[in-house]
Structures are given as C-alpha cells and as structure tokens.
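This report refers to the structure that appears directly beneath it.
The values are calculated or read from the model by the stated rules, or taken from the named source; none is laboratory data. It should be emphasised that the depicted structure is a prediction, and the values quoted were computed from it without experimental measurement. Because the Cβ atoms are built from the backbone with ideal geometry, glycine has one as well, and the counts that use them run over all protein chains shown.
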Amino acid sequence: MKQECCKKIRLWGIIFLTSLFFAGCQAEDTSGEYEQETTQEDVQTEKSQSTDTGEIHSYTQSDIAMGTIVTSNIYTTGEDVNSEIFDVLKQVENTYISWREEDSEIARLNASAGNEQGVEISGKLEEMLQATLDISEKSSGALDPTLGKISRLWDIDGENPRVPAQEEITSLLKADGYKNVFCENQKAVLPADISIDLGAVGKGIGCDEVRSFLENHQEITGAVISVGGSILTYGAKENDSLWGVAITDPLSGGENYMGVLYLEGENYVSTSGDYEKYFEQDGVRYHHILDPKTGYPARSGLTSVTIVAKNGLLSDGLSTACFVLGLEEGMKLVETYNAEAIFIDTDQNVYATDGLQDKFELTSKETYHLQELQQ
Ligand code: ADP
Ligand code: MG
C-alpha cells in the first residue's frame with residue numbers, strides 16, 4: 001500500500017532535516033533514485049528552470065538565520081522573494097526571541113528579572129510564551145524555557161563546551177522553573193534568578209512567521225523552508241506532487257537519511273536528535289537537549305524524534321519535549337496535541353504514529369526496524 005502510494009508520485013522534493021554538520025540538502029527524484037545536492041554554508045541563490053507551463057518558476061536561497069542554515073525554496077508566478085523570507089526570519093529573531101540581541105523583547109524581559117512590576121510585552125510574544133508554557137505544563141516540565149542558564153553552562157553550541165561540575169548545575173537548577181514565569185495581559189514577570197531561552201521553539205516560530213508572509217503572497221503556489229531542524233511545507237510544487245521530507249539517520253552524524261515522509265500541502269515538521277549538537281569527552285557524548293530534572297543531557301533511550309504538527313512552535317517544542325520524555329511518555333504527549341511522530345531509539349527501532357503509517361517510507365531497512373506501537 002505504501003509502495004503503491006510511492007509509485008504514483010512522479011516528482012519528489014526531498015528536504016533533509018538539517019543538522020549542524022549538514023549545510024542543508026535537497027534532492028529530487030525523477031528516476032527512482034534520490035540524488036543529494038548539498039549547499040555550502042555561505043549564501044547561495046539559485047534559480048531553477050521554468051516549468052512546462054512556463055509560468056511557475058522556482059527560486060532557492062540558502063543563508064544563515066536564527067543561528068542555523070536556512071534553505072528557502074519557493075514556487076511562484078511572480079518574483080524571487082526569498083530575500084524577504086530571510087528578512088522575516090531575521091526580524092522575528094531580533095525583535096522577539098533572541099536572548100543575545102539586547103533590544104529583543106526576550107532580552108528586555110530577562111533583564112527585568114527580579115523586578116516585581118515586570119515588563120510590558122507585545123501580544124505576539126505573549127502568545128509565543130503562553131504556547132511554550134502550555135507544552136511545559138503538559139509535558140510535566142520536559143520542555144522548560146527557563147533552562148537558559150544551564151544551557152549556557154554547558155555551552156554545547158558555543159566556543160568552549162565543557163562538562164560543568166555537579167555543584168554548578170545544582171546551584172542553577174530549579175525544579176519546575178517554568179512555573180515561575182508569569183505572563184498575562186501583555187505583561188510578564190520573572191523572578192530574579194530566572195531567564196528565558198526560546199531556543200527549543202525558535203526555529204518552529206520562524207516557520208510560523210514565514211507561513212504568515214506566504215499567506216500575503218498569492219503568487220507563491222508552493223514553498224518549502226528548512227530552518228535547521230524545522231521545516232515548513234506549503235502549497236504544492238508544479239504537477240501537484242507531494243513534498244518529501246527526509247529524516248536524518250542519527251548514526252550517520254547527520255550525513256544521510258534513513259527514511260522519507262511524504263506530505264501534502266501545509267505541514268510543520270521538526271526533528272530533535274542527539275547527533276545535532278554535541279561534544280565528546282572520555283567516550284561519552286554530551287548533546288544539547290537537556291533533562292530539566294537533572295540539568296544533564298537527556299538519556300531517554302531515544303536518538304531522534306520527528307514531529308508533524310499544526311504549527312511550527314508546536315512541532316519544535318514537542319520534538320524537544322518528547323526527546324526528553326522517551327518513547328512511552330513522549331507518545332502520550334503527541335496524542336494530547338493531536339500531532340504525529342516518528343521516534344527512533346538507541347537500538348535502531350523506529351516507531352510511527354497511525355497518521356504517518358502510509359506517509360513514512362523506511363529507506364535504511366538493513367539498519368533500522370519498524371516496530372508497532374504498544375497501545
Ligand atoms: P535545535 O535547537 O537543534 O533545533 P531543539 O529544538 O531540540 O534543537 O532545541 C534545543 C535547544 O533548546 C538547546 O540548544 C537549548 O538552548 C534549549 N534546550 C535544551 N533542552 C531543553 C529543554 N529540555 N527545554 C527547553 N529548552 C531546552
Ligand atoms: Mg525543538
């Protein structure tokens with residue numbers, strides 16, 4: 001059934017869920033074989049040939065935004081607006097969510113920590129915070145945006161990653177830190193020792209913002225934007241083909257894919273994995289997804305979680321939360337949000353929710369084994 005469905009589709013656009021080591025990859029399959037074409041870490045713009053009708057053109061651009069490699073590919077009857085899409089991403093980062101940007105709303109909120117009056121925040125940031133805190137609540141704190149200080153301690157994606165001393169972690173670790181964030185009526189209050197880091201949902205928020213931009217551009221008939229590990233698919237390519245989203249093979253260090261999700265129209269897909277950002281010391285891998293209960297990299301028996309959800313903040317937040325929770329609790333959380341998921345565990349078992357059974361094709365069958373989910 002899955003095979004049949006696959007054969008019917010004539011043109012695949014394969015988008016790799018990117019990692020730190022993978023600059024972003026696209027491949028098209030017109031011959032039954034996937035061809036991979038990687039982009040470099042510098043800015044690239046590429047215009048493809050026009051389609052049969054001569055009307056829809058595709059334009060691709062890769063650049064750094066939101067601290068990661070972004071690739072934007074649009075199908076349009078109009079102009080190449082990829083640079084505007086990059087502006088949208090840079091704007092949401094600088095205006096709202098970057099704790100590094102002094103003037104961003106999050107930076108101002110963090111600077112106000114300890115001030116009982118709190119600060120005024122925009123309705124937009126309030127929505128982002130509320131949605132993030134809702135995932136924190138429903139995941140029993142597996143996603144905790146107040147982990148910022150502990151992430152800084154590890155500095156896993158920075159210049160000097162290191163294993164902090166247990167005392168350093170203990171001194172900064174708060175049980176259920178997210179419960180101390182007050183946010184209502186466009187006002188937010190943080191206690192003195194808390195700061196917010198929206199890193200676990202930021203790239204998904206970027207996808208949501210790009211979606212709003214596309215909505216105002218009727219001439220864009222299809223688009224696929226990959227912001228690090230979060231992807232937005234929108235509309236269709238020419239010939240109404242499906243979008244193919246390749247799931248990175250965690251064992252390949254992000255270089256290959258182990259399966260492909262075939263999706264129609266608008267989707268938000270995010271992957272969190274232990275191969276994305278990490279360093280090794282004494283044979284142990286320390287990766288960037290932390291367990292808020294311990295302050296150490298989460299060891300839940302999973303190597304990768306991919307979520308398909310109704311918006312980008314949700315797919316990104318859930319992928320991080322589910323990675324921390326592990327298979328059983330993670331799948332319950334996915335169900336709570338009516339999302340879909342693919343989990344890969346450390347024994348190379350692969351679990352897909354019902355809604356993805358006919359949409360996921362395992363390509364690395366020698367290495368990975370599809371397993372039934374226990375109900
Ligand atoms: P990526 O940023 O590579 O897409 P994730 O979406 O999984 O990966 O987010 C991981 C980032 O979120 C980390 O780099 C860190 O800043 C932050 N983080 C790590 N663990 C958690 C957690 N349990 N809850 C909230 N944020 C986290
Ligand atoms: Mg995430």
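Which of the numbered conditions does Ser195 fail, given that it passes all the others? Conditions: (1) away from ligand 2 (no atom under 16 Å from the Cβ); (2) among the hydroxyl-bearing types (Ser, Thr, Tyr); (3) part of a strand (DSSP E or B); (4) in contact (Cβ under 8 Å) with a residue 40 or more places away in the chain.
Checking Ser195 against (1) away from ligand 2 (no atom under 16 Å from the Cβ); (2) among the hydroxyl-bearing types (Ser, Thr, Tyr); (3) part of a strand (DSSP E or B); (4) in contact (Cβ under 8 Å) with a residue 40 or more places away in the chain, the one that fails is (3).
Scan segment 55-70 and give yes if some residue there is touching a strand residue (DSSP E or B) at 6+ places or on another chain (Cβ under 9 Å), without any contact (Cβ under 8 Å) to a residue 24 or more places away in the chain and within 16 Å of ligand 1 (Cβ to nearest atom), otherwise no. Spell out how you get there, then give the answer.
From segment 55-70, those touching a strand residue (DSSP E or B) at 6+ places or on another chain (Cβ under 9 Å) are 56-66, 68-70; that's our starting set.
Okay, now just the ones that are also without any contact (Cβ under 8 Å) to a residue 24 or more places away in the chain, so 57, 59, 63-64.
Narrowing the set further to residues that are within 16 Å of ligand 1 (Cβ to nearest atom) leaves 64.
So far as segment 55-70 goes, yes, one or more of its residues are touching a strand residue (DSSP E or B) at 6+ places or on another chain (Cβ under 9 Å), without any contact (Cβ under 8 Å) to a residue 24 or more places away in the chain and within 16 Å of ligand 1 (Cβ to nearest atom).
Determine which single condition Asp291 fails, assuming it passes every other condition in (1) among the acidic types (Asp, Glu); (2) within 16 Å of ligand 2 (Cβ to nearest atom); (3) touching a strand residue (DSSP E or B) at 6+ places or on another chain (Cβ under 6 Å).
Against the list (1) among the acidic types (Asp, Glu); (2) within 16 Å of ligand 2 (Cβ to nearest atom); (3) touching a strand residue (DSSP E or B) at 6+ places or on another chain (Cβ under 6 Å), Asp291 comes up short only on (3).
When you scan segment 301-367 for strands (runs of 3 or more DSSP E) that lie fully inside it, which ones turn up with 2 or more residues that are of a type in the set (Lys, Arg) and within 16 Å of ligand 2 (Cβ to nearest atom)?
none
Scan (1) assigned to a loop (DSSP other than H, G, I, E, B); (2) more than 30 Å from Val224 (Cα to Cα); (3) aliphatic (A, V, I, L, M) for the single condition Leu109 breaks and write down its number.
(1)
Go over the candidates Val189, Val245, Val201, Val227 one by one and state the one that is surrounded by fewer than 22 Cβ atoms within 10 Å (Cβ to Cβ) and either aliphatic (A, V, I, L, M) or in contact with a Cys (Cβ under 6 Å, 6 or more places away or on another chain) (or both).
Numbers: Val245 fails: surrounded by fewer than 22 Cβ atoms within 10 Å (Cβ to Cβ); Val201 fails: surrounded by fewer than 22 Cβ atoms within 10 Å (Cβ to Cβ); Val227 fails: surrounded by fewer than 22 Cβ atoms within 10 Å (Cβ to Cβ).
The conditions single out Val189.
What single numbered condition from (1) more than 24 Å from Asn110 (Cα to Cα); (2) away from ligand 2 (no atom under 16 Å from the Cβ) fails to hold for Ser230?
(2)
Working carefully through the options Asp249, Asp208, Asp274, find the one that is touching a strand residue (DSSP E or B) at 6+ places or on another chain (Cβ under 7 Å), of a type in the set (Asp, Glu) and within 16 Å of ligand 2 (Cβ to nearest atom).
So the residue among Asp249, Asp208, Asp274 that is touching a strand residue (DSSP E or B) at 6+ places or on another chain (Cβ under 7 Å), of a type in the set (Asp, Glu) and within 16 Å of ligand 2 (Cβ to nearest atom) is Asp274.
So is Val227 out of contact with any Asp or Glu (no Cβ under 6 Å at 6 or more places or on another chain) and within 16 Å of ligand 1 (Cβ to nearest atom) or not? Walk me through how you get there before you give the answer.
Values: out of contact with any Asp or Glu (no Cβ under 6 Å at 6 or more places or on another chain): yes; within 16 Å of ligand 1 (Cβ to nearest atom): yes.
Considered against the rule, which asks whether it is out of contact with any Asp or Glu (no Cβ under 6 Å at 6 or more places or on another chain) and within 16 Å of ligand 1 (Cβ to nearest atom), Val227 comes out as yes.
May I ask you to say which residue of Gly253, Gly283, Gly204, Gly301 is touching a helix residue (DSSP H, G or I) at 6+ places or on another chain (Cβ under 7 Å) and at positive phi?
Testing whether each residue is touching a helix residue (DSSP H, G or I) at 6+ places or on another chain (Cβ under 7 Å) and at positive phi leaves just Gly301.
If Ser171 meets every condition in (1) within 28 Å of Lys277 (Cβ to Cβ); (2) assigned to a helix (DSSP H, G or I); (3) within 24 Å of the chain's Cα centre (by Cα) apart from one, which number is that one?
(3)
Could you list, in sequence order, the residues of segment 267-282 that are part of a strand (DSSP E or B) and either among the small types (Gly, Ala, Ser) or in contact (Cβ under 8 Å) with a residue 12 or more places away in the chain (or both)?
Asn267, Tyr268, Val269, Ser270, Thr271, Ser272, Gly273, Tyr278, Phe279, Gln281
So that you can scan it fast, the table gives a plain yes or no per residue for (1) part of a helix (DSSP H, G or I); (2) more than 15 Å from ligand 2 (Cβ to nearest atom); (3) free of Cβ contacts under 8 Å to residues at least 40 places away in the same chain; (4) exposed (fewer than 14 other Cβ atoms within 10 Å of the Cβ):
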| position | (1), (2), (3), (4) |
| --- | --- |
| Ser136 | yes, no, no, no |
| Leu143 | no, no, no, no |
| Thr146 | no, yes, no, no |
| Lys149 | yes, yes, no, no |
| Arg152 | yes, yes, yes, no |
| Ile156 | no, no, no, no |
| Asn160 | no, yes, yes, yes |
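Between Leu313, Leu290, Leu302, Leu325, which is surrounded by 22 or more Cβ atoms within 10 Å (Cβ to Cβ), within 12 Å of the chain's Cα centre (by Cα) and within 14 Å of ligand 1 (Cβ to nearest atom)?
Leu313
Looking at Leu261, is it away from ligand 1 (no atom under 13 Å from the Cβ), buried (at least 24 other Cβ atoms within 10 Å of the Cβ) and either at pLDDT below 95 or within 18 Å of the chain's Cα centre (by Cα) (or both)? Talk me through it step by step, then tell me what you get.
Working: away from ligand 1 (no atom under 13 Å from the Cβ): yes; buried (at least 24 other Cβ atoms within 10 Å of the Cβ): yes; either at pLDDT below 95 or within 18 Å of the chain's Cα centre (by Cα) (or both): yes.
In short, yes.
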